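The values are calculated or read from the model by the stated rules, or taken from the named source; none is laboratory data. Model, not experiment: these values are computed from the prediction. All Cβ positions, even for glycine, are placed from backbone atoms using ideal geometry, and neighbour counts span all protein chains on display.
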Ligand code: HEM
């Protein structure tokens, strides 16, 4: 880990202020949303360049007027009707993985629910929804975590180089997938984007973000929810969560208090004002969307004090901000919530009477992502 002493962001916590920032995209641009938190070393950049890795702004970081039309193409794959129609498929995948998890628990005496139930259903559903082949899932999961660390973490130069290699591998895999999908006869997202006029690097850029954001964030939400249920610390018991209403309640609670995406970034596009305070062009802003576990610097003010290990979540902020707000609001919000609720419901129904094997697992803690890396349970 690099040593971080000063917070490079203006941190905004007040929900009304955060909403205002997100609703003023001309003043507060998303151009920095996908930039590496830790500047990439020359060596890491060379590895990426060799793979022709590029992330031109297309969707989440696109501050230009082309955003709206591209968003419309992507949104067509996630309409509320399409999401609702998928519920039986989500339930089927969730039941299958919950049954496999129960078998593992009985056979081995313990099971890690992150791997057994949280990891794969969101990835399968995402690829199916986008009309893309469901393949190489273990690699996709590993690449997702590596790329999140590369762009939202604090890797030292050695780790950065390792992560650049796997990001380059992922990008090369993605480009092949894009070329194959664009040429395919069946409808799919990448072909729709090509028909819309996007270039291959633009489609790869969008795909790189979407193939990670469209499944790993949901895996993380499910992981935290199952962890809190097994811990019994959030007022809804493990067994109660097997009802669909309670499963939804606990997912919403986690979304408000310690969502998988607790912060997001913006940058002042010009000299402007916020709550009467002058904000100079170029100032980078970190908005808090939900409670979070803290960062490697002191509470947001750039005081030079490192934050303590394992700070408790500081929520709740309204659940309404967990998916952002305004013209870049998450296109997968309904899908993610449905998937999380169904996986939680089916898992708690299939595995009765469990307790945490390790109440203090290692957590993934990045600037904008958080979740327990493992949720190992055993018979109570
Ligand atoms: C728990 C799961 C998820 C969380 C917490 C989450 C959160 C977010 C957040 C905070 C943003 C930025 C919003 C803003 O700038 O106002 C975002 C953008 C986005 N998300 Fe999600 N997301 C999740 C799952 C998904 C899924 C499942 C998909 C699609 C399959 C998805 C697709 C997108 C897209 C396409 C954008 C960019 C939208 C734009 O710039 O117009 N997300 N998400």
Item to complete: Please work out if residue 150 is crowded, with 21+ Cβ neighbours inside 10 Å and under 20 Å from the mean Cα position of the chain (by Cα).
Response: yes
Worksheet item: Going through the range 222-239 one residue at a time, which ones are assigned to a helix (DSSP H, G or I) and either under 30 Å from residue 179 (Cβ atoms) or touching a residue at least 60 places away in the same chain (Cβ under 8 Å) (or both)?
Response: 222, 223, 224, 225, 226, 227, 229, 230, 231
Item to complete: Tell me, yes or no, whether the range 155-178 has at least one residue that is within 21 Å of the chain's Cα centre (by Cα) and in a loop (DSSP other than H, G, I, E, B).
Response: yes
Worksheet item: With (1) out of contact with any strand residue (DSSP E or B) (no Cβ under 8 Å at 6 or more places or on another chain); (2) modelled with pLDDT of 95 or more as the list, and residue 289 as the residue in question, which single condition is left unmet?
Response: (1)
Worksheet item: Just checking, which of 163, 193, 150 is within 16 Å of the ligand (Cβ to nearest atom) and in contact with a helix residue (DSSP H, G or I) (Cβ under 9 Å, 6 or more places away or on another chain)?
Response: 193
Response to the item:
Listed by first then second residue, the pairs whose first member lies in the range 64-83 and is closer than 29 Å to residue 267 by Cβ, whose partner is more than 11 Å from the ligand (Cβ to nearest atom) and not in a helix (DSSP H, G or I), with beta carbons under 8 Å and at least 6 positions apart or on separate chains, are 69/196; 70/196; 70/198; 73/196; 77/131
Item to complete: Please work out which residue is nearest to the ligand (Cβ to nearest atom), limiting yourself to the range 196-221 and to residues that are surrounded by fewer than 20 Cβ atoms within 10 Å (Cβ to Cβ), on the phi < 0 side of the Ramachandran plot and assigned to a loop (DSSP other than H, G, I, E, B).
Response: 196
Discussion item. Taking the condition of being closer than 30 Å to residue 190 by Cα and near the ligand (Cβ under 10 Å from one of its atoms), how many residues in the range 222-236 meet it?
Written reply: 1
Worksheet item: In the list 349, 374, which residue meets the criterion of being more than 7 Å from the ligand (Cβ to nearest atom), surrounded by fewer than 20 Cβ atoms within 10 Å (Cβ to Cβ), touching a residue at least 12 places away in the same chain (Cβ under 8 Å) and in a loop (DSSP other than H, G, I, E, B)?
Response: 374
Worksheet item: Does at least one position in the range 86-102 carry a residue that is crowded, with 21+ Cβ neighbours inside 10 Å and touching a strand residue (DSSP E or B) at 6+ places or on another chain (Cβ under 8 Å)?
Response: yes
Worksheet entry | The one condition in (1) within 20 Å of residue 123 (Cβ to Cβ); (2) within 10 Å of the ligand (Cβ to nearest atom); (3) outside any loop (DSSP other than H, G, I, E, B) that residue 327 fails to fulfil | (1)
Discussion item. When you check residue 169 against the structure, is it away from the ligand (no atom under 16 Å from the Cβ) and out of contact with any helix residue (DSSP H, G or I) (no Cβ under 8 Å at 6 or more places or on another chain), yes or no?
Written reply: no
Item to complete: Answer yes or no: is there a residue in the range 27-44 that is more than 20 Å from the chain's Cα centre (by Cα), at pLDDT 95 or above, under 24 Å from residue 202 (Cβ atoms) and in a helix (DSSP H, G or I).
Response: yes
